[in-house]
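The values are calculated or read from the model by the stated rules, or taken from the named source; none is laboratory data. All values reported here derive from a predicted model rather than from experimental measurement. Neighbour counts are summed over all protein chains in view; Cβ atoms, including those assigned to glycine, are modelled from backbone coordinates with ideal geometry.
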């Protein structure tokens, strides 16, 4: 059932033993929101545990408290409320298997499946980090530097460091407040942008796969099994397609398994969320993704055909 | 003589015929501040002309009004006040030759030579764009979308899109206000970051030249004659060296002529200004450059030896 942020705040206040979990394949918003809320609730006297059914990427290991994340393995008892952040409960892996508690879901993805017991969904927000900021304001929990670093990271990473179309005046005002609490934006961007030498050296192989289609309006990059196995993070690769003059839809097709390929899309004009939804995925109008159960070569042909058809129909 | 922003506002209000000029080698802050002030003063009934003694880079030709810039060539009469933005009057080229009027200088560079008739200097500001925002507020000139696009660009480019250490809470609050006036941050970053397909496709050749030295503390990239001739801008290449984990000094050696090589350095700890000075160049502690009168291969060996010696001496 959908509730207000005020109800969400009340629900949290009424429960002592709380677990928080972001989605698998965790990003800055998932991890930052979880840790920001974690620090705030610990401060206000709750017993809080945080879970993630995945590794924490190295880039995020500057976030205060990241070492407190628990991998869900055995049954966890005594939890009153499980707060799921930045995705629906289906996307938190085994956490829902090991914790049996009512679920409060806070999210900004309009593709949210609305299966949680209680859901506060705010698709107008650039990041779940903004929702946590509003929640803490509602709960009258004073921010501090640790909370601010986590929420700043959540917000900045989900709006492309204030460059994406989801960046609102509120987004920048909230980030400004985090700076007042001691966030040093250069330290955060340095930590997030740092790359292994091998990750830079893999770029030629990545850029070799870059091709333009549809009069230069579509750009596709392939992340082969070999590329994927030889680098730490593939998250930035889409940028090399997105920044090209005239490109509307930038696509990365990424090897996941011999018959499973992951698709990420960014766009300037085309609604890529609706394309992703047709293929069983989801996301935002300008940033969405899906999975195609086929090998990399076929998946690349498939997504190109779907995007071309979508663009021709407009 | 140094004056307050209130005095600067009065001085502008008292003069009807105004010229505005940013420094040569114009950047986003110089151009954006000039155009933002231009639109505001035209709106409030001044006669305004804008001058720049240089080409306007293509990347900035989305700024509303850029086509009104005049190249200083012949004497310009009837100007009551010349406003110099984002640098001291010595850096506006021939503008001071063709316009003989009292100079009001608005700047945020600590290195300002203080030679203007009237100077408002605010080194605590991340960009001259912030100063123009405060000035218009003082003059009670209502912003509009055109002014906001110009001031947003001025601010965002001078603080590395809110990633540099000069980004303050005020910087982000001011940018937030520009969004309220209709700035679409994605459109501005897209315009500024846009690259030709060929400029992305040259990256493999650039990254092939990237090598680490000195236990990974030094990274060098070569921009050969061939690479230079086949791309629009080489300015970002140093980033591929700078972002590598453990790298202190990132160096780009760039072909200029068969016996002339240009060196650019960025550092996290080492004082590269003093290294550059030893080789007849200069710059800031963390960003400096020089020229070596030798071919690319020898110049690369030379700068490596000098930097290694400098690091060994510390």
Taking the range B:178-188 on its own, how many of its residues are facing chain A (nearest Cβ under 7 Å) and over 22 Å from the mean Cα position of the chain (by Cα)?
2
Of the residues in the range B:180-202, those that are surrounded by fewer than 17 Cβ atoms within 10 Å (Cβ to Cβ) and not in a helix (DSSP H, G or I) number 3
So, in the range A:162-173, of the ones that are surrounded by 24 or more Cβ atoms within 10 Å (Cβ to Cβ) and either closer than 23 Å to residue A:8 by Cα or without any contact (Cβ under 8 Å) to a residue 12 or more places away in the chain (or both), which residue ends up farthest from the other protein chains (Cβ to nearest Cβ)?
A:171
Filter pass, residue A:255 being within 9 Å of another protein chain (Cβ to nearest Cβ) and within 21 Å of the chain's Cα centre (by Cα)
no
Please indicate, with yes or no, whether at least one residue in the range A:31-39 is crowded, with 19+ Cβ neighbours inside 10 Å and over 20 Å from the mean Cα position of the chain (by Cα).
no
How many of the residues making up the range A:203-226 are in a helix (DSSP H, G or I) and more than 7 Å from every other protein chain (Cβ to nearest Cβ)?
4
If only one of A:99, A:83 is modelled with pLDDT of 95 or more and within 28 Å of residue A:168 (Cβ to Cβ), which one is it?
A:83
Candidates B:227, B:220 - the one that is touching a strand residue (DSSP E or B) at 6+ places or on another chain (Cβ under 6 Å) and modelled with pLDDT of 95 or more:
B:220
Can you go through B:150, B:159 and tell me which one is in contact (Cβ under 8 Å) with a residue 12 or more places away in the chain and at the interface with chain A (Cβ under 9 Å from one of its Cβ atoms)?
B:159
What single numbered condition from (1) touching a helix residue (DSSP H, G or I) at 6+ places or on another chain (Cβ under 9 Å); (2) outside any strand (DSSP E or B); (3) over 30 Å from residue A:113 (Cα atoms); (4) within 14 Å of chain B (Cβ to nearest Cβ) fails to hold for residue A:235?
(3)
